[in-house]
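J.: Following this message is one structure expressed as structure tokens.
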Amino acid sequence: MAPDGNGGRAQKSVADEVLNKLKDILGPKGWSQDADTLAPLLVDTRGYYHGACALLARPETTEQVAAIMKVCHEAGVPVVPQGGNTSRVGSATPDESGGTILLSLARMNTVREVDPVDYTMTVEAGCVLKDLQDAAEAKDRLFPLSLGAEGSCMIGGNIASNAGGINVLRYGNTRDLVLGLEVVLPNGEIWNGLRRLRKDNTGYDLKQWFIGSEGTLGIVTAAVLKLFPLPKERATALCAIRDLDACLDLLARARAASGDALSSFELLAGITLDFAYQHVDSAKRAMEGSYDWNVLFEFSGLEPGHRMNDALETMLEKAFEDGVVIDAVIAQSEQQRADIWFLREAVVEAQAAEGASIKHDVSVPVSKVPEFINRSNEALHDFMEGIRPYPFGHVGDGNIHYNVTQPAGMDADAYMAAAPEIHDIVHGITADLNGSISAEHGIGQLKREELKRYKTKLELDLMRQLKSMLDPQGLMNPGKVLDI
Ligand code: MLT
Ligand code: ZN
């Protein structure tokens, strides 16, 4: 069901001489051509894209990555970098030609240093995100990047895709959490930009070229990340709101009541919770009733005790009196907090049980979210009877996962055939509201053609010029982001 497909390229192979050079660099444990080992790495997490490769390279050091890139550069062989293989847009899947080297960063997983005084952590690209959160916590610090795939995604991929997640409202995207980078360039040169400076105004900020570039400009091998004080207290609530407009009112109240210690503010349409309760075994019902619009939000702070919970409760009482909130549950224990957050994750997997789903990851100015959802719902209901919009996500950032589930009982393939028109409707409204067609998942292969329609010619020209300056042969993760 890949919307764009990536086949059609001529079958290619990589000369034995080149493969032997790469094997020598990597040593016996550093490469594989075994079909069973390769299989899970050659399909993306949504099963949209299937690829092939001539060799899986598993380097252990930056020097090995550099040596591989030099050989590939000289031989004109494309390289696809891969971390935890959790891309939502096919960024880490090679094409089907078989003429590619798949370069996994998984063995480069050392936390080089956690510095609680500088509030920094220097880490290698293959570190799993959850392990980094734990390493920071062991030194009484917080690394705030948090998302559903955190148990398997790797920081190199998070950086390459400028990952977002549930704490962006307070701490920013990955881009805001990176102080320095080490990058191997397409020609094999190593750029050591592992600085831990909070201020550095010495010309262009080169690291920003690579953050969010999805491995098309170079390979991130290590990074210096920003840490924060570890919150000692959290207050978490799930509440039902009067209508969609009320989410903006509640957002303003929550920011004010917490002294802007609001770290998450997530919208859950009624249908998303209903599906989670129906289809995910361990999803526990949080509120007795079912409501059209719900918000999960969390305050996090430093003072132990119950001050945050008190502030949250007082704010909710007033919101209730004012008719903004119509039902609510405040987590009374860590377990209850975990159960509420489990629901948030469960809505993502629950969709699949109801058939095919056409996904959008859009952002609009926060104030325009209700208009975006209302207009999209209306347009889609006009377009197809029984269609089931499934909006959820990071409303505090203006980022909605506006997924659209097929009408009950419809043939899934017939529904997917309407995907281009559905994308046109949703992305058209997004563009009309000055939004973005990819707020956090990136472009990869999935949105490459859409990108051409929603960026200006000048923006696309500048992106192409940057790509050809760093990678004139087009060897770095070809066909991702741009069709080069
Ligand atoms: C989320 O916020 O749950 C994810 O970005 C949604 C997804 O993976 O599709
Ligand atoms: Zn998300």
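The values are calculated or read from the model by the stated rules, or taken from the named source; none is laboratory data. Because the structure is predicted, anything quoted here is derived from the model rather than measured. Neighbour counts are summed over all protein chains in view; Cβ atoms, including those assigned to glycine, are modelled from backbone coordinates with ideal geometry. Surface areas here come from the heavy atoms of the whole protein model, side chains and all, with no ligands, DNA or RNA. Shrake-Rupley method; radii C 1.70, N 1.55, O 1.52, S 1.80 Å.
J.: Report, to the nearest whole %, how much of the accessible area of the chain belongs to carbon and sulfur atoms, 1.4 Å probe, protein only.
T.: In the chain, the share of accessible area belonging to carbon and sulfur is 50 percent.
J.: Right, here's the next one. Give, in nm to one decimal, the length gained when the segment between His306 and Asp424 is fully stretched (0.36 nm per residue of separation minus the Cα-Cα distance).
T.: Extending this stretch completely gives an extra 37.7 nm.
J.: In debye, nearest 20, what is the charge dipole magnitude of the chain about its Cα centre with +1 on Lys and Arg Cβ and -1 on Asp and Glu Cβ, if you could check?
T.: Dipole of the chain, to the nearest 20 debye: 1360 debye.
J.: Next question, about the same structure. Decide, for segment 355-433, between rounded, prolate and oblate: order the square roots of the alpha carbon gyration tensor eigenvalues as a ≥ b ≥ c, take rounded if a/c falls under 1.5, and otherwise choose prolate if a/b is larger than b/c, else oblate.
T.: prolate
J.: Still on this structure: In straight Cα distance, which lysines are under 17 Å from Lys199, not counting same-chain residues fewer than 8 positions off?
T.: Lys207, Lys226
J.: Turning to a different aspect of this structure: With respect to the cross-link table entries Lys12/Lys480; Lys368/Lys452; Lys130/Lys467; Lys139/Lys232; Lys130/Lys232, which display a Cα-Cα separation exceeding 21 Å?
T.: Table pairs above 21 Å Cα-Cα are Lys368/Lys452; Lys130/Lys467.
J.: In what sequence, highest mean first, do 64-76, 465-477 appear when ranked by Cβ atoms within 10 angstrom?
T.: Descending packing order for the listed peptides: 64-76, 465-477.
J.: Counting alpha carbon pairs within less than 8 Å and at least 6 residues apart, what relative contact order, in whole percent, applies to segment 111-229?
T.: Reported relative contact order: 33 percent.
J.: Then there is this: What spacing in nm lies between the two simple spin-label points modelled at Asp36 and Ser367, each 7 Å away from Cα in the Cβ direction?
T.: That separation, rounded to one decimal, is 6.0 nm.
J.: Right, here's the next one. Run through every distinct alpha carbon pair of segment 16-104 and return the Kirkwood hydrodynamic radius in angstroms, one decimal place.
T.: After inverting the pairwise mean of 1/r, the radius is 13.1 Å.
J.: Counting Lys and Arg as +1 and Asp and Glu as -1, what is the net charge of the other residues whose Cβ lies under 9 Å from the Cβ of Gly301?
T.: Taking every other residue near Gly301 into account, the sum is +1.
J.: Ok, one more. Of the peptides 218-228, 37-47, how do they stack up when ordered by the mean number of other Cβ atoms within 10 Å, highest first?
T.: Packing order, densest peptide first, comes out as 218-228, 37-47.
J.: Work from the charge dipole of the chain (Cβ charges, +1 for Lys and Arg, -1 for Asp and Glu, about the Cα centre) and give the residue of Ile241, Gln465, Tyr390 farthest towards its positive end.
T.: Farthest towards the positive pole: Gln465.
J.: Show that you can apply the helix-only estimate: for the chain, add -39,500 (n - 2.57) for every DSSP H stretch of four or more residues, divide by all residues, and state [θ] at 222 nm to the nearest 500.
T.: After summing the helix terms and dividing by the residues of the chain, the value is -10000 deg cm²/dmol.
J.: When ligands, DNA and RNA are left out and all protein chains stay put, how many square angstrom of accessible area per residue does segment 345-456 have with a 1.4 Å probe?
T.: I get 38 Å² per residue for segment 345-456.
J.: With both partners inside segment 66-210, how many of the DSSP beta bridges are antiparallel, as a percent to the nearest 5?
T.: Close to 70 percent.
J.: What base-10 log of the normalised intensity I(q)/I(0) is obtained for the chain from the Debye formula, alpha carbons as equal point scatterers, at q = 0.07, 0.11 Å⁻¹?
T.: -0.38, -0.95
J.: Further question: Which peptide among 149-162, 174-187, 191-204, 347-360 comes first, and what is the full order, when sorted by highest mean count of other Cβ atoms within 10 Å?
T.: Peptide ranking by packing, descending: 149-162, 174-187, 347-360, 191-204.
J.: Determine, at each q value in 0.22 (inverse angstroms), the log₁₀ of I(q)/I(0) that the Debye formula gives when each Cα of segment 414-457 is one equal point scatterer.
T.: After summing over all Cα pairs, the log10 values are -0.81.
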